[in-house]
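This report concerns only the one structure given below.
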Amino acid sequence: MSRRVDILPVLAILVGVLVLGLSAVTLADDGITDKEVTVGAGLDLTGAVANRGVNIKAGMEAVFNRVNEAGGIHGRKIKLVAYDHVYQPPKAVINAKRLVERDKIFVMMGHLGTPTTKAIMDYLGEKHVPNIFPATLASIWTNSGKWHIGDLATFADQTGLIVDYLVKERKFKRIASFYQDDEYGLDGHQAGKARLKHQYDRAYAVEVDYKRADIDFSSQAAKLKESGADAVILQAVYREPPRLAEQCHAIGYHPLFIGVSAIVLDKTIELGGKHVEGMMGVEVYPLPTDPGAFLDLYRADMKKYFPHLALDTTNLYGYQKAALFVEGMQRAGKNLTRDSLLKAIESIKDWDPGWGLKYSYGGDNRRVMSRAARLVSVKDGKWTKASEWMELQETGRK
Amino acid sequence: MVEILTSQVVSGLATGCVYALIALGFVLIFKATDVVNFAQGEFVMASGFISYTLLIRFGLSYWVVLLVTIVVSGVMGVILERVVVRPIMDAPIFSIVIATIGASTVLRSSAGIVYGYDVLPLPTIFSKDPIRMGVLSFTVMDAGVIGSSLVIMMALYLFFTRTKTGMAMRATAQSQTAARLMGVSVKGIFSLTWAISAAIGGVAGVLIAPIIYLDPNLGVIGVKAFAGAILGGFGSIPGAIVGGMLLGILENLSGYFFNAGIKQVSTYILLIVVLVVRPSGLFGAVAVKRV
Amino acid sequence: MAPRTAERLRVSFVVAAAVVALALPNFADDYIRHVAARLFVYALVALGLNLLTGFAGQVSLGHAAFFAIGAYTAAALAERWQWPSALCVLAAAFFTGVVGYLLGLPCLRLSGLYLAMATLGFTFIVQEMLLQLAVITHGSEGMRVKPAAVLGFTFDSDYRKYYLLLGVTVVMLLFARNLVRGRTGRAFLAIRENERAAEAMGVHLAQYKTIAFAISALYTGLAGALSAFLVGFLDPQEFSFFLSIQFITIIILGGLASLLGSLLGAAFLVILPELLAGLDVWQALVYGLIMVVTIIFMPFGLSGAIRRYRYRWFGIGVEPVIPRRLGH
Amino acid sequence: MSNRDNRAPGPPLLTVDGIETFYGSIQALKGISFEVPERSIVTLLGANGAGKSTTLKSISGLVAPARGSVTFKGQRIDRRPSEEIVRLGISHVPEGRDLFPELTVLENLKMGAYVRTDKRAIQASLERVHARFPILAQRRAQLAGTLSGGEQQMLAIGRALMAAPTLMLLDEPSLGLAPMLVEEIFGIIREIHASGTTVLLVEQNANKALSIADYGYVLETGTISLAGDSRQLLKDDHVRRAYLGQR
């Protein structure tokens, strides 16, 4: 007869493996030497929103590669260390600890996802590691304190713009909301609801939600049609609006679809074809195809470093984050510390990297770099600007 | 109201047909080899990418692409069986299931590495234009998906009832020993079963990918199809078809009457209710063995 | 090998393990401490799931739901009613155990894949409830959880969290060991081997099956509660069916019906991704390949492989053999 | 009836030479040797667990003998897979019938002819089987699982006949059948033999088996303990005590 293995020996084995596997502890200061600055990122590289993660990482790396080839900033090269958190908060925490403890990052930048970034925000604050330009336009980052700073106009603010446009300019009476049933979709959905109520004393004609993995929107289309809404606000990502439009058209319903910046991608048009013609969106930075010195640089860098990736708003998103960061580094000067970097970033005012959009720090109560936005619409299979840049007002969720 | 309801049912049926095809793949493999193949959804995903490559990169015509995709998917099924499943055919079924989960991870991430994680549109011959027939309103695509699925199911039915090989497959599912004594090569039947299941998955992929777009995570649809198969009674072919279709329709109706959350869980609520009343699903007669 | 030598080997293993486990945090950084603590969380789940699936033969894909229930119960009790942390954790574990018992009742008639699917449905339903019960759970906003504190001592650093989890894991491991060596464990095994025969031997089927569910849920709820305090943030999307599948993967890669396997499986699933973290998009591919290869070469999981080589090299125990299903 | 001489008449159709078969680490056969002459009925007798079924499985390829050889029509067939052995002309009616319960009676019979390709010859065999078992013709569309025990045994034998075998291995054909049906089955075995098929019969009912067999072997715990002409065996004291229930 065999005896059951005692359990404690196991502890020895697994802890042994742990020690062996994770041993090479490198000692360095907090991510900065005279030669190098280490930037950390937690991204989704293989999970549900991997397309964003992969592209944002590429966009940031394109800038860093170019800067490094030119000798770095004040003699310092920028090293990006990114780990895959698969859009899971517990894994994001592990990655953050690895980045901070092991890789000794100087800053966290472009951390992807609202729940994942929320999970690490306290830890980063404790460790005094700046959380710069997380890749989420949730409204929370504008007021989370010294160590967190957002970059662009939030979904909530964008929805405020959409509501104003629909009510004031288009004089629409009935406005519906189509939103993703999670924190991402709810942020703008709630803000739109609040805006309608406080500003115009109205409510959505109908509120229709969907799940991220949903593949069929015929029931949503039917409900939207029944509500008789003139316009449908899309708090969605790029893959749902084309399908929704198709299914609305199939039942003879042709409202104006208008969505937040997350839908303004070439992919939306590639997927939807004629069904997305006339669809509108908000953009918070220029399109990858727009003219401008900065965009020429972007296109050249992407072609040089990531020739297999198509030019798209997602990698431009990462690219502009990195460009902003580089500007901050420039301003902080030779004596770079986390504090001096934050101060430098906060000092940015009316800075235009060369694409017609100016960045200005929003102030301690509104820690974003830009509140600009403009409307675009799909014309002849292309996103085309439908308004000039404007400064968005703050639209809260409540 | 009637019009909206009927169109909900039709478009639900279209999704349901695709669930049914994927569910068939699960059930065929299970019946023949007692293995639950969790990579079934990845066959659907992979076939989508195969046909994308052939259509866009090689510019072949649609019907050629369809044919090649089905064949390539079938070959992929055989490879998976030979490389991953056969070496551990005698191992506990759990281990085999985990091996197929591992294989699905490999397939998924390979697609991600090769094609990236951006979604891709897959062209189709079915247009998304509406058709109206009395109270029925649906798209050409809906009709095409339902029609193609029914053709595949009919072809399978004829194959199983009218051909010697089909009969041998059914016989093998019932008794491997007796089948061997009749001179049937059981291993050959296994390979063939995997080939057919993967090929059906391939058809499902070609049908569904134009609708929901292609991306490496497309295979998640397999979970719903699996639920459909269980609902029908795992191991029952009519069960898989009915279960899959029912789920598609139920989803749409509950989505219409309630919200996305209820739509998502309605499948599972129905499933649990059915299982509590009938522990082996709607059409399942015998208890599932060896799990 | 002489039994005495085997015994000595075993004892030295235990001592070495204890020393390493106790000393580790003093030689590691917060990252390693945190990963190790995470490992203990998964080990707790694996112990619970293995009792149900490995020993009693009842497949569950509902453990992500138990994990969520434990986590949210503890978090809600701490946030809303300011209960002491220890009480939150105990109440969460107990409550999850009760839920497990209740879920076990309708599942009595189900087995195999049907049971797996019904419990998977439970996972989906609970995940949706986390969103719907926003009053308690904060819905999709997610829920922040303050560090646990017991009698004024706050488990706010990874150092302290490590020891807390180590302690709980060791206690629960010993409890599981006593359980499987005793009457209940034998009853579980009898149910797994042959329900009818077990009944004929006088095992009260319904009772033991629901007990298995309850205990298993209790372990998982406990793990969930501790995980809430460890991570400090709960998001409903985390508790998806993927998590359930991960749990099952742990016990199968580790070895069914083996407590050692539960720990090894948890170590495998927590540590492997860390080792592969630098691989960028290749990570999942390599991970999947390692999974497949591991199963092909160790169809009985890591603990099965240990049993095999312990027999082959030292002549201890018996060699696990695969019965042939197919002939040649 | 055929030759009842003590020695095998003419060349042996099947020669089993010293086979040893294992299930895992358990040895079921410990060196079995015997011959089945052409056009004879040979029976294997023995208690439960003596290795009778394993012997048949070792011949038909369901299990592989670890040592020894099986020669059929002058060819080595041990180590060949079942599906090839069937093609050579050996049909095995396994213990407990092992029908395809969810296939119809007709489909079961067709499966019997799986290895044959000549459609006309198959049709002829089918007609012969239907003539011999009219009940199978009546129930052709019924699922095999719904037949009675006797009918199932007939179907199992009919299915084996569909392969047009040279040698038929029958494993406990009378098991669990009412005495009247047992008579009928043995009548059928005689007929099959009469029409030119060699039969290797495993039976618990030693009396009946020896009454129709030409030659018999007695198996005890994996070895052959006794062999001889069936009439001799019927008279043998040991056989009478152990297998015929006589004192």
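The values are calculated or read from the model by the stated rules, or taken from the named source; none is laboratory data. Owing to the predicted nature of the structure, the values given are computational and were not obtained by experimental measurement. Virtual Cβ from ideal backbone geometry, glycine too; neighbours counted across all protein chains shown. SASA here: full protein model, heavy atoms, side chains in, ligands and nucleic acids out. Shrake-Rupley method; radii C 1.70, N 1.55, O 1.52, S 1.80 Å.
Quick look at the numbers
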read-out: Subset tally (residues that are at pLDDT 90 or above and not in a strand (DSSP E or B)) for region A:369-398; value: 9
read-out: Only one of B:Val72, B:Val78 that is in a helix (DSSP H, G or I), surrounded by fewer than 21 Cβ atoms within 10 Å (Cβ to Cβ) and touching a Ser or Thr at 6+ places or on another chain (Cβ under 7 Å); value: B:Val78
read-out: Filter result for A:Ala231 (at the interface with chain B (Cβ under 9 Å from one of its Cβ atoms), over 26 Å from A:Gly113 (Cα atoms) and open to solvent by less than 10 Å² (accessible area, probe 1.4 Å)); value: no
read-out: Region D:116-138, residues that are more than 22 Å from the chain's Cα centre (by Cα) and buried (at least 20 other Cβ atoms within 10 Å of the Cβ); value: none
read-out: Meets criteria (open to solvent by 10 Å² or more (accessible area, probe 1.4 Å), over 30 Å from A:Lys343 (Cβ atoms), within 14 Å of chain B (Cβ to nearest Cβ) and without any contact (Cβ under 8 Å) to a residue 40 or more places away in the chain) for A:Asp209; value: yes
read-out: Helices (runs of 4 or more DSSP H) completely within region C:88-189 that count 1 or more residues being within 14 Å of chain B (Cβ to nearest Cβ) and among the hydroxyl-bearing types (Ser, Thr, Tyr); value: C:112-132, C:134-137
read-out: Unique match (being open to solvent by 10 Å² or more (accessible area, probe 1.4 Å) and facing another protein chain (nearest Cβ under 8 Å)) among C:Ala36, C:Ala28, C:Ala21; value: C:Ala28
read-out: Selected residue [assigned to a helix (DSSP H, G or I) and touching a Phe, Trp or Tyr at 6+ places or on another chain (Cβ under 7 Å)] from C:Phe13, C:Phe67; value: C:Phe67
read-out: Filter result (open to solvent by 20 Å² or more (accessible area, probe 1.4 Å) and assigned to a helix (DSSP H, G or I)) within region C:191-213; value: C:Arg192, C:Glu193, C:Glu195, C:Arg196, C:Ala197, C:Glu199, C:Ala200, C:Leu205, C:Ala206, C:Gln207, C:Tyr208, C:Ile211
read-out: Count of residues meeting criterion [of a type in the set (S, T, N, Q), more than 10 Å from chain A (Cβ to nearest Cβ) and surrounded by 24 or more Cβ atoms within 10 Å (Cβ to Cβ)] in region C:226-260; value: 1
read-out: Subset of region C:277-296 [open to solvent by 10 Å² or more (accessible area, probe 1.4 Å) and either closer than 26 Å to C:Leu189 by Cα or touching a strand residue (DSSP E or B) at 6+ places or on another chain (Cβ under 9 Å) (or both)]; value: C:Gly278, C:Leu279, C:Asp280, C:Val281, C:Gln283, C:Ala284, C:Thr294, C:Ile296
read-out: Residues (open to solvent by 100 Å² or more (accessible area, probe 1.4 Å) and in contact (Cβ under 8 Å) with a residue 12 or more places away in the chain) located in region C:80-94; value: C:Arg80, C:Phe94
read-out: Those residues of region D:130-153 which are outside any helix (DSSP H, G or I) and in contact (Cβ under 8 Å) with a residue 12 or more places away in the chain, in sequence order; value: D:Phe133, D:Arg139, D:Arg140, D:Ala141, D:Gln142, D:Leu143, D:Leu147
read-out: Hey, C:Arg10 touching a residue at least 60 places away in the same chain (Cβ under 8 Å), within 10 Å of chain A (Cβ to nearest Cβ) and open to solvent by 20 Å² or more (accessible area, probe 1.4 Å) or not; value: no
read-out: Positions within region D:46-100 being without any contact (Cβ under 8 Å) to a residue 24 or more places away in the chain, in contact with a strand residue (DSSP E or B) (Cβ under 7 Å, 6 or more places away or on another chain) and farther than 27 Å from D:Lys110 by Cβ, in sequence order; value: D:Arg76
read-out: Single residue of region A:354-373 satisfying the filter (small (Gly, Ala, Ser) and free of Cβ contacts under 8 Å to residues at least 24 places away in the same chain) that is nearest to A:Trp141 (Cα to Cα); value: A:Gly363
read-out: Test for C:Tyr31: is it in contact with a strand residue (DSSP E or B) (Cβ under 9 Å, 6 or more places away or on another chain) and hydroxyl-bearing (Ser, Thr, Tyr); value: no
read-out: Subset of region A:73-111 that is open to solvent by less than 20 Å² (accessible area, probe 1.4 Å) and assigned to a loop (DSSP other than H, G, I, E, B) - its residue that is nearest to A:Asp151 (Cα to Cα); value: A:Gly110
read-out: Filter pass, A:Ile162 being out of contact with any Cys (no Cβ under 6 Å at 6 or more places or on another chain), touching a residue at least 60 places away in the same chain (Cβ under 8 Å) and open to solvent by less than 10 Å² (accessible area, probe 1.4 Å); value: yes
read-out: Boolean, B:Leu66 is open to solvent by 30 Å² or more (accessible area, probe 1.4 Å) and assigned to a helix (DSSP H, G or I); value: yes
read-out: Some residue of region B:86-96 being open to solvent by 30 Å² or more (accessible area, probe 1.4 Å), under 18 Å from B:Ile208 (Cβ atoms) and within 14 Å of another protein chain (Cβ to nearest Cβ); value: no
read-out: Selection count where residues are hydrophobic (A, V, I, L, M, F, W, C), part of a loop (DSSP other than H, G, I, E, B) and more than 14 Å from the chain's Cα centre (by Cα), scope region A:112-150; value: 2
read-out: Hits in region A:255-277 - residues which are in contact with a Cys (Cβ under 9 Å, 6 or more places away or on another chain) and within 24 Å of A:Leu186 (Cα to Cα); value: A:Pro255, A:Phe257
